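Have a look at the structure below, then the notes.
The values are calculated or read from the model by the stated rules, or taken from the named source; none is laboratory data. Since we're looking at a predicted model, the values are computed, not measured. So basically every Cβ, Gly included, is an ideal-geometry build from the backbone, and we count neighbours across all protein chains shown.
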Amino acid sequence: MHCKKHYIAPKCKKECDKGSQLKYEKDKHYGKKAYTITSGDERQIQLEIIKNGPVVATFTAYTDLITYKHGVYRLHDDGSPMGGHAVRMIGWGIENGTHPYWLITNSWGEHYGIKGLLKIRRGNNECGIEEHIIAGLP
């Protein structure tokens, strides 16, 4: 993927933080059930986040996503598709009273965007973000 030279994802740790009372194997959590929300209905996605917590969203990442720093991301005409990307959708909001967005945690590290967060336009299926949501039960 093009972005690898620009953004390196944090290394996966397979040990608990110092001071943890549990061993790594005892501290892992597993989901009981996974399912998809394919309606593209933003209200249904919001209700899922309220009821069961963050969901995984997949979308097409474009080259202009690499340079995102702040504000609400929307695809620009000069962006070219790089491929599929999966992120954690943790909430939503409205910026400046007029720009609805999904609040996303990206895997590209804390130096990306707003300390690792991305706000992507909500309500118009920006880059396919509302098409395929993966949710689960703990």
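May I ask you to verify whether K5 is among the charged types (D, E, K, R), modelled with pLDDT under 95 and farther than 15 Å from G136 by Cα?
Working: among the charged types (D, E, K, R): yes; modelled with pLDDT under 95: yes; farther than 15 Å from G136 by Cα: yes.
Yes, satisfied.
Among the residues of the stretch 106-138, which ones are of a type outside the set (A, V, I, L, M), closer than 30 Å to Y30 by Cβ, surrounded by fewer than 18 Cβ atoms within 10 Å (Cβ to Cβ) and touching a Gly at 6+ places or on another chain (Cβ under 7 Å)?
The answer is G109, E110, G116, E131, G136, P138.
Each row is one residue, and each column tells you yes or no for (1) closer than 17 Å to I37 by Cα; (2) touching an Asp or Glu at 6+ places or on another chain (Cβ under 7 Å); (3) at pLDDT below 95.
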residue	(1), (2), (3)
L75	no, yes, yes
D78	no, yes, yes
M89	yes, no, no
I94	no, no, no
Y101	no, yes, no
T105	no, no, no
H111	no, no, yes
L118	no, no, no
R122	yes, yes, no
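Can you tell me which residue in the stretch 31-69 is surrounded by the fewest Cβ atoms within 10 Å (Cβ to Cβ), limited to those that are in a loop (DSSP other than H, G, I, E, B) and of a type in the set (S, T, N, Q)?
To start, the set of residues in the stretch 31-69 that are in a loop (DSSP other than H, G, I, E, B) comprises 31-32, 38-41, 53-54, 66-69.
From what is left, the residues that are of a type in the set (S, T, N, Q) are 38-39, 67.
On the way: T38: 12, S39: 12, T67: 10.
Only one residue tops the list, namely T67.
Give just the number: which of (1) modelled with pLDDT under 90; (2) farther than 13 Å from K119 by Cα does K51 not satisfy?
All conditions are met except number (1).
Using the structure shown, decide if T63 is among the polar types (S, T, N, Q), touching an Asp or Glu at 6+ places or on another chain (Cβ under 9 Å), touching a residue at least 60 places away in the same chain (Cβ under 8 Å) and closer than 22 Å to I134 by Cβ.
So T63 fails the test.
Could you list, in sequence order, the residues of the stretch 70-84 that are assigned to a loop (DSSP other than H, G, I, E, B) and within 11 Å of K119 (Cβ to Cβ)? Talk me through it step by step, then tell me what you get.
Initial filter on the stretch 70-84 (assigned to a loop (DSSP other than H, G, I, E, B)): 70-72, 74-80.
Of everything in the stretch 70-84, those that are assigned to a loop (DSSP other than H, G, I, E, B) and within 11 Å of K119 (Cβ to Cβ) turn out to be H70, G71, V72, R74.
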